[in-house]
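What follows is one structure encoded as structure tokens, with my remarks underneath.
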Amino acid sequence: MWKSLVGDDEEQGESLLGEASGGLCSLSPTQQRIYGFAACLIAGLACMLLSMIVFAKPIKFALLFTFGNVLAVGSTAFLLGPAQQLGMMFDTARVFATAIYIGCVVIALICALLIHDKLLTIIAIIIEIGALIWYSLSYIPFARRMVSELMIRLCDTEL
């Protein structure tokens with residue numbers, strides 16, 4: 001009976017499904033990173049899409065949307081690794097965009113969870129979206145400069 005509970009030495013390398021596991025997971029580290037990235041990104045996008053359903057309730061909307069944003073941005077840590085991701089986020093080219101984005105996430109959560117003010121929550125979410133766009137543009141060469149010049153040309157009232 002003890003052998004049936006513990007298993008023989010030959011069966012130690014097999015998982016419950018009868019496959020040789022060769023450790024904790026049979027996936028390569030690259031596959032694990034890609035699957036982790038995809039799962040985190042899909043979960044983040046799903047949270048952002050589900051937040052549109054509860055748009056009439058700004059507090060629930062803010063929670064789902066912000067959580068989805070954090071998951072989507074954090075998904076790249078699976079591809080790069082957390083240390084390199086943080087290093088890139090706080091690089092001199094994007095440190096201000098990162099700080100503004102993180103600040104907007106915190107402000108949106110404070111407005112939604114502690115203050116319970118719908119108008120402030122919506123304003124914080126709008127600023128958060130703008131900060132996320134500006135942060136994302138920092139990864140594309142010259143994108144922020146092009147967007148800045150475009151906005152100057154569109155908003156220029158001098159004819």
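The values are calculated or read from the model by the stated rules, or taken from the named source; none is laboratory data. Since we're looking at a predicted model, the values are computed, not measured. A quick note on method: Cβ atoms are made from the backbone with ideal geometry, for glycine too, and the neighbour counts reach across all protein chains shown. Heavy atoms of the whole protein, side chains included, go into the accessibility calculation; ligands, DNA and RNA do not. Shrake-Rupley method; radii C 1.70, N 1.55, O 1.52, S 1.80 Å.
Could you tell me whether the range 111-118 includes any residue that is open to solvent by less than 70 Å² (accessible area, probe 1.4 Å), assigned to a helix (DSSP H, G or I) and closer than 27 Å to Ala56 by Cα?
Applying the first criterion (open to solvent by less than 70 Å² (accessible area, probe 1.4 Å)) to the range 111-118 yields 111-112, 117.
From the residues that got through so far, the ones that are assigned to a helix (DSSP H, G or I) too are 111-112.
In the following step, the residues that additionally are closer than 27 Å to Ala56 by Cα were identified as 111-112.
Yes, some residue in the range 111-118 is open to solvent by less than 70 Å² (accessible area, probe 1.4 Å), assigned to a helix (DSSP H, G or I) and closer than 27 Å to Ala56 by Cα.
If I go through the range 48-78 residue by residue, how many of them are open to solvent by 80 Å² or more (accessible area, probe 1.4 Å) and touching a Lys or Arg at 6+ places or on another chain (Cβ under 6 Å)?
1
Does Thr98 meet the test of being modelled with pLDDT of 90 or more and assigned to a helix (DSSP H, G or I)?
Numbers: modelled with pLDDT of 90 or more: yes; assigned to a helix (DSSP H, G or I): yes.
Yes.
From the residues in the range 114-159 that are acidic (Asp, Glu) and within 26 Å of Thr66 (Cα to Cα), which one is nearest to the chain's Cα centre (by Cα)?
Selected residue: Glu128.
Under 8 Å between Cβ atoms, which residue pairs at least 6 apart in sequence (or on different chains) link something in the range 90-109 that is open to solvent by less than 60 Å² (accessible area, probe 1.4 Å) with a partner that is among the charged types (D, E, K, R)?
Once the first residue is open to solvent by less than 60 Å² (accessible area, probe 1.4 Å) and sits in the range 90-109, its partners that are among the charged types (D, E, K, R) give Tyr101/Glu128; Cys104/Glu128; Val105/Glu128; Ala108/Glu128.
Every residue in the range 124-154 that is in a helix (DSSP H, G or I) and open to solvent by 80 Å² or more (accessible area, probe 1.4 Å), please. Quick ask: steps written out before the conclusion?
Step one: filter the range 124-154 for residues in a helix (DSSP H, G or I), giving 124-137, 143-154.
Scanning the range 124-154 gives Ile126, Ile127, Ile133, Trp134, Arg145, Met146, Glu149, Leu150, Met151, Ile152, Arg153, Leu154.
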